[in-house]
């Protein structure tokens, strides 16, 4: 499984979410995390139809098919539930 995380330096919600993600990363092996900045990685971000709302989290299978997309700040529990939902499928 891959998780693309799209953030921005000016985004307060993104800063909050980084703390949640640090805790979650320690819980799961075998997940690849790819981080993009909305402003600095414009070419990559446009592939995923991200406009001005961040953070955005895109869950991909090993063939880069989109499994789920989460827009905006969410709870640690919601992220964990999404990982658990798809981690067995990939």
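Being closer than 17 Å to residue 80 by Cα and out of contact with any helix residue (DSSP H, G or I) (no Cβ under 7 Å at 6 or more places or on another chain) is the filter here; which residues of the range 15-30 pass it? Answer for the range 15-30, where residues must be closer than 17 Å to residue 80 by Cα and out of contact with any helix residue (DSSP H, G or I) (no Cβ under 7 Å at 6 or more places or on another chain): 16, 17, 18, 19, 21, 22, 25, 26, 27, 29, 30.
What is the one condition in (1) out of contact with any strand residue (DSSP E or B) (no Cβ under 7 Å at 6 or more places or on another chain); (2) within 18 Å of residue 27 (Cα to Cα); (3) without any contact (Cβ under 8 Å) to a residue 40 or more places away in the chain that residue 74 does not satisfy? Every listed condition holds for residue 74 apart from (3).
Within the range 22-38, residues that are modelled with pLDDT of 95 or more sit with their Cβ atoms under 7 Å from residues that are loosely packed, with under 14 Cβ neighbours inside 10 Å and assigned to a loop (DSSP other than H, G, I, E, B), at 6+ positions apart or across chains, in these pairs: 37/9.
Which residue is modelled with the lowest pLDDT, if the candidates are limited to the range 47-69 and must be buried (at least 16 other Cβ atoms within 10 Å of the Cβ) and within 14 Å of residue 6 (Cα to Cα)? That would be 50.
The values are calculated or read from the model by the stated rules, or taken from the named source; none is laboratory data. On a predicted model such as this, the values are computed, not experimentally measured, just so you know. Neighbour counts run over all protein chains shown; Cβ positions are idealised from the backbone, glycine included.
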